[in-house]
Every structure is written in C-alpha cells, then in structure tokens.
Amino acid sequence: MRCRGIPPRSRGGGCQSAGLVAPTLFFNDQLDVAHHANAFFREFDGTAEFSFTERERIDIVTEGEATEATQLATRLADEGCPVRYLEAEDVSEQFPQFDLEEFAGAVLYEDTGWVDPYTYATALQTTAMARGATFELDVEVTDIRVDNDQIEGLETDDGTVDADVVVIAAGWRTRSLLPDDIDVPIQPYRTQIVVLEPETSLSDEFPLGRVGTEHVYFRPEHNGDLLVGGSHHTTDDPRSTSTDADESFRVEIADLVPEFIRGFEDADLVNGWAGVDVASPDTSPIIDSPANAPEGLVVATGFNGLGIMTSPVVGPTVRARLTGSEPEFSTEPFATDRFEGVGVDFDYISTSDI
Ligand SMILES: Cc1cc2nc3c(=O)[nH]c(=O)nc-3n(C[C@H](O)[C@H](O)[C@H](O)COP(=O)(O)OP(=O)(O)OC[C@H]3O[C@@H](n4cnc5c(N)ncnc54)[C@H](O)[C@@H]3O)c2cc1C
C-alpha cells in the first residue's frame with residue numbers, strides 16, 4: 001500500500017464521524033429504539049441537502065463467533081428484522097470482492113446505511129431554525145447558573161443567558177460543566193479513521209461492515225474509496241490528543257484490509273484523522289437528569305461512537321424527561337439511575353464488542 005501525501009484533514013469538530021447507521025445491530029436488545037432511528041433517517045432523507053445512503057452491512061465473524069452470530073441473526077429475523085447469517089462462500093458470492101478464507105461467515109443486515117455527518121448536522125440545524133431555534137456557534141458556556149435548586153440559565157463568554165431548562169450535550173466536556181457534587185459516569189476515548197483508494201473504485205453494491213475480532217469497521221465512500229475505522233482507547237487528556245491518524249494505525253489497516261478484501265494490495269492511503277468520543281459503562285447513552293441535579297437540568301452524553309445513529313432518540317428522550325411525554329420507544333435504557341453506585345473509573349467496553 002502506498003501512503004500518498006495525506007492532505008490536511010478537511011473535517012473538523014463533530015464531522016469526524018464515519019456516519020455509519022446500523023441501529024438494529026447496536027440496539028438489538030432495544031429494537032423499539034432501532035426501529036425509531038431507522039425510520040427517522042428514511043423520513044429525513046431529502047430534507048435540505050441531506051440524503052441517507054441505503055447499503056447492506058456484513059459483520060464478519062470467525063469460527064469461534066459463528067454460533068453466537070447465527071443465533072443473533074435468527075433472533076433478529078424472528079423479530080421481523082431483515083437480518084440473516086451467511087456462510088463465508090455465500091458472502092463471496094454476494095460480494096465478490098470479499099475473500100473470507102480466514103473467517104466462518106458474516107451476519108448480513110439489510111436495513112443499514114450511512115450519512116454524511118456534516119450535511120446531516122446542517123440539515124438538522126436548518127430544520128430546527130425553521131421551527132424557531134437559534135444557534136450561537138462561537139460562544140463558550142463557562143458556567144451553569146442555579147438558584148434554590150432550580151436552573152436559572154448560563155454564563156457564557158458572551159454574557160448571561162436566562163433559562164428554566166439547560167441540556168448539557170458537550171461530549172467529553174460534559175462533566176466539567178456540571179454543578180458541584182453532580183456527576184455522570186463517562187470516560188473520553190480516542191478513535192481513528194483512514195481512507196484508502198483501491199486500484200479500482202468500489203462499486204455501488206460494496207457493503208458496510210466490520211471485523212469484530214480486529215476491532216475495525218469499514219464503509220465505501222461515494223467516490224469509490226474505502227473508509228476504515230478502529231483503534232478505540234480511553235484517554236485522560238482529550239484536549240491534547242492528536243487529531244491525525246497514528247502511523248501504527250495506518251500500517252495496521254494497510255496490512256489487514258488486503259487479507260479479506262481483494263483489490264487493496266496497492267491501495268493509496270488518501271486521508272486519515274482521529275477524534276474523541278465518550279464512553280458510558282454499558283455502551284448506551286445517558287439522556288436524563290443526573291442524581292441530585294437541580295430542577296431543569298438534563299444531560300445527553302455517552303454516545304460510545306454511535307452518536308449519529310442514536311441521534312434520533314435524543315430529542316424525544318429529552319422531551320420525555322422534561323414534560324413526561326411518552327415516545328414510541330422506551331427511554332429507560334438511557335436513564336441515569338441504571339448506574340447507581342458505578343463510579344467514573346468503570347472498565348471501558350468498546351462497541352466493537354457488541
Ligand atoms: C472517528 C469517529 C468516528 C465515528 N463514527 C461514527 C459512526 O460511524 N456512526 C455513529 O453513529 N457515530 C460515530 N461516531 C460517534 C459520534 O460522532 C459521536 O457519538 C457524537 O458526535 C457525539 O455527540 P455529542 O454531541 O455527545 O458530542 P460532540 O460531537 O463531541 O459535541 C459536543 C459539542 O459541544 C461543544 N462544547 C463542549 N463544551 C462546550 C462549552 N463549554 N460551550 C459551548 N460548546 C461546548 C463542542 O464544541 C462540540 O461541538 C464517531 C466518532 C468519531 C470520533
């Protein structure tokens with residue numbers, strides 16, 4: 001594999017995400033959540049510049065994982081999801097670029113796809129503005145104002161804001177904004193992506209996927225390149241971690257990909273970056289008022305590398321916490337009281353183990 005001069009990273013801030021959407025896999029124990037998220041992306045398709053790219057996904061498994069994978073596929077199919085288990089030779093027949101000699105097979109998901117995170121975020125912003133929301137993009141919140149156990153508003157570097165309700169959705173900075181004596185169990189972790197340009201551009205049928213044992217996932221780009229992500233490690237110092245992909249990660253991916261996808265022996269490495277997201281103890285997000293929080297305070301954090309695909313449940317869950325409304329899915333998996341007694345030093349679980 002050749003390493004072309006990697007251009008300066010063109011994506012910044014929240015646009016570091018790979019944009020994969022696979023809720024049926026990651027919320028296979030909370031299918032009401034998965035159904036809500038899946039429906040949202042299809043309905044939102046066509047809003048402003050946003051489009052949802054439908055694409056099948058294969059989760060490639062070893063012999064040791066095959067029994068569990070078959071059981072998962074059978075259970076999901078029994079529950080009405082378009083999921084099935086394929087033996088290795090059936091994967092190669094359906095997706096000829098894959099050579100799964102070293103693997104047993106794959107779970108095929110037919111309700112998956114991806115979004116461009118930047119276009120998705122700006123389409124959400126446009127929609128919210130049309131409904132009356134305003135955005136202050138270059139203002140830093142410096143403190144939360146509380147009086148008599150009730151939220152009063154915010155202090156910012158641009159002045160004071162009055163508000164009855166504050167939702168802190170500040171990624172790894174969330175804990176630093178919480179009032180004294182209030183905490184949520186989250187840990188920042190760094191993760192990386194590289195983009196490979198194969199000898200021949202990938203076709204429109206090339207699937208998304210993952211090799212769980214290697215902790216890597218992949219998806220095609222619209223231009224026929226391949227985006228490959230992985231390397232999840234907690235960090236004590238998220239502010240100063242590098243936003244570039246490490247040389248060791250590039251080498252790992254350059255060696256790994258040709259082992260199971262044909263056409264990448266002489267691929268060019270054309271881009272790469274790293275970003276920080278936040279882990280919770282059980283890999284599900286925390287969308288709730290923390291214990292002992294003042295009236296009117298909610299957090300939305302701990303998205304565990306799934307924040308794009310989970311985003312459709314955030315608004316309805318925040319609304320449920322504040323108004324008692326009942327969304328079409330259970331919000332219990334996002335409640336803070338599920339972590340009673342769990343401190344912030346919990347063992348990190350990567351979503352590549354789901
Ligand atoms: C490399 C990578 C690949 C990913 N791939 C996928 C994927 O394929 N699919 C998927 O679903 N998810 C993916 N994710 C995860 C997804 O991007 C995150 O889960 C999601 O962005 C988390 O959203 P958040 O709002 O909690 O945090 P963030 O996106 O970190 O946003 C927090 C925001 O709060 C702002 N902020 C913080 N403090 C303050 C303050 N004091 N004042 C004002 N603003 C403040 C920050 O500037 C930032 O804009 C990926 C993440 C990374 C890093």
Discussion item. Looking at segment 337-354, I want the residues that are in the same structural domain as Asp59 (by TED's automatic domain parsing) and have a partner that is assigned to a loop (DSSP other than H, G, I, E, B) and exposed (fewer than 12 other Cβ atoms within 10 Å of the Cβ) with Cβ atoms under 9 Å, at least 6 apart or on another chain. Which pairs are those?
Written reply: none
Worksheet item: Looking at this structure, is Arg219 assigned by TED's automatic domain parsing to the domain that holds Ala88, surrounded by 23 or more Cβ atoms within 10 Å (Cβ to Cβ), within 12 Å of the ligand (Cβ to nearest atom) and of a type outside the set (Val, Ile, Thr)?
Response: yes
Worksheet item: What residue, of Asp183, Asp149, Asp157, is of a type outside the set (A, V, I, L, M, F, W, C), at positive phi and either in contact (Cβ under 8 Å) with a residue 40 or more places away in the chain or near the ligand (Cβ under 9 Å from one of its atoms) (or both)?
Response: Asp149
Item to complete: Output the number of the condition that Glu197 fails; it satisfies all remaining conditions of (1) within 14 Å of the ligand (Cβ to nearest atom); (2) not assigned by TED's automatic domain parsing to the domain that holds Arg319.
Response: (1)
Discussion item. If Leu269 meets every condition in (1) out of contact with any Cys (no Cβ under 7 Å at 6 or more places or on another chain); (2) more than 21 Å from Asp29 (Cα to Cα); (3) more than 10 Å from the ligand (Cβ to nearest atom); (4) of a type in the set (A, V, I, L, M) apart from one, which number is that one?
Written reply: (1)
Discussion item. Looking only at residues that are under 30 Å from Glu252 (Cα atoms), in a helix (DSSP H, G or I) and touching a Phe, Trp or Tyr at 6+ places or on another chain (Cβ under 7 Å) in segment 1-52, which one is modelled with the lowest pLDDT?
Written reply: Cys15
Worksheet item: Which one is nearest to the ligand (Cβ to nearest atom), of the residues in segment 101-115 that are assigned to a loop (DSSP other than H, G, I, E, B) and within 24 Å of the chain's Cα centre (by Cα)?
Response: Val115
Worksheet item: Does segment 102-137 hold any residues that are of a type in the set (Asp, Glu) and closer than 24 Å to Gly19 by Cα, and which are they?
Response: Glu110, Asp111, Asp116
Worksheet item: Any idea how many residues of segment 57-106 are among the hydrophobic types (A, V, I, L, M, F, W, C) and without any contact (Cβ under 8 Å) to a residue 40 or more places away in the chain?
Response: 7
Practice prompt. Quick one: in segment 278-298, of everything that is touching a Phe, Trp or Tyr at 6+ places or on another chain (Cβ under 6 Å) and more than 20 Å from Ser325 (Cα to Cα), which residue is farthest from the ligand (Cβ to nearest atom)?
Written response: Pro281
Discussion item. Just checking, does segment 306-325 include any residue being surrounded by fewer than 19 Cβ atoms within 10 Å (Cβ to Cβ) and either charged (D, E, K, R) or outside the structural domain of Val165 (by TED's automatic domain parsing) (or both)?
Written reply: yes
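The values are calculated or read from the model by the stated rules, or taken from the named source; none is laboratory data. Note that this is a predicted model, so its numbers are computed, not measured. Glycine also receives a Cβ, built like all others from the backbone with ideal geometry; neighbour counts cover every protein chain displayed.
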